[in-house]
């Protein structure tokens, strides 16, 4: 993961986005993928039925393969772009902090970390039927002070992750001898 | 407004230029794929894209699919132009 841990720091869990988030991004590519095949066979079928044109004379098969394969190549490259982006977005929960790795583009990577003692509130939001059915949702971690909110969109099993974060938070508080959210 | 003869000439001209255009498209696609491959390989090597079981296969899948498609495009282009 190319991420440096502290001396006593241990990774508790690496949280990546749910597979459905990737599927939602690439489903359009799948439909775009089948367009040339559908168009080719539709033209063949229509031509067979109505005998409009001499197909071999009008549409060169090599040319059809050239454009079809080019189209699929572009879609493949786009698929791998989404795949890379999906797998590089992650949260690393350690016994000391949460590291939020946000891959915005191929060369735009944002890494922020939040110490567990600074957590004020952890909220999970599960929106819609699919998210409820497939058990994924957004996790919002509110920090103390004017710092920004940490958000992981489309986290699998958010309730379980929330419990894990709060458990690590309690342990971090105990370790540092501070008072927890509940005791305030 | 073109007369029929000019129209036929323009079609003939575009047909003559078509192979150059196709080779140009092929060049752009190859360049795009090569740049994309370098970027993908960099990320794959540095951050191990994919789950633990897929690290090796992800790269193999990428190289195989892009390579096969470029080969198909090249073969189709050769068949068309030669």
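Counting alpha carbon pairs within less than 8 Å and at least 6 residues apart, what relative contact order, in whole percent, applies to chain A?
Relative contact order comes out at 21 percent.
Once both axes come from the Cα atoms, what is the angle between helix A:61-88 and the longest principal axis of chain A, in degrees from 0 to 90, rounded to 10?
Compared with the principal axis, the helix lies near 0 degrees.
Note down the nm distance, to one decimal, between modelled labels 7 Å out along Cα→Cβ at residue A:102 and at residue B:71.
4.2
Provide the FRET efficiency to the nearest 0.05 for the residue A:110-residue A:174 pair, computing r from the beta carbons and using R0 = 25 Å.
After rounding, the FRET efficiency stands at 0.20.
Using only Cα atoms, tell me the angle between helix A:158-176 and the longest principal axis of chain A; keep it within 0 to 90° and round to the nearest 10.
Rounded to the nearest ten degrees, it is 30.
Measuring from a point 7 Å past the Cα of residue A:95 along Cα-to-C-beta, which residues in segment A:111-130 have an amide N at less than 15 Å?
A:116-117
Please compute the modelled spin-label separation between residue A:5 and residue B:82, points set 7 Å along Cα→Cβ, answer in nm with one decimal.
Distance between label points: 5.7 nm.
Using r as the Cβ-Cβ distance of residue A:29 and residue A:118, and R0 as 41 Å, what FRET efficiency do you calculate, to the nearest 0.05?
Calculated value: 0.55.
Which three numbers, in whole Å and largest first, are the semi-axes of the equivalent ellipsoid of segment A:19-157 derived from its Cα gyration tensor as √(5λ)?
Rounded to whole Å, the semi-axes are 49, 17, 9.
Compute the distance in nm between two label points, each set 7 Å from the Cα along the Cα-to-Cβ direction, one at residue A:51 and one at residue A:125.
6.3
What average number of partner chain Cβ atoms lie no more than 10 Å from the Cβ of the residues making up B:69-81?
5
What is the gain in length, in nm to one decimal, between residue B:57 and residue B:30 on full extension, counting 0.36 nm per residue of separation less the C-alpha to C-alpha distance?
Once the chain is fully extended between residue B:57 and residue B:30, it gains 7.5 nm.
Using a Gaussian network model of chain A with C-alpha springs under 10 Å, which one of A:89, A:102, A:121 is most mobile by mean-square fluctuation?
Answer for the Gaussian network model of chain A: A:121.
Given R₀ = 35 Å, what would the calculated FRET efficiency be for residue B:46 paired with residue A:67, taking r from the Cβ atoms and rounding to 0.05?
0.50
Roughly how tilted is helix A:19-50, in degrees to the nearest 10 and between 0 and 90, from the longest Cα axis of chain A?
Its long axis makes an angle of about 10 degrees.
None of the figures in this text is laboratory data; all of them are computed from the coordinates on show. Note that the structure is a prediction, hence the values are computed from the model and not measured. As a convention, Cβ positions derive from the backbone with ideal geometry for all residues, glycine included, and neighbour counts pool all protein chains shown.
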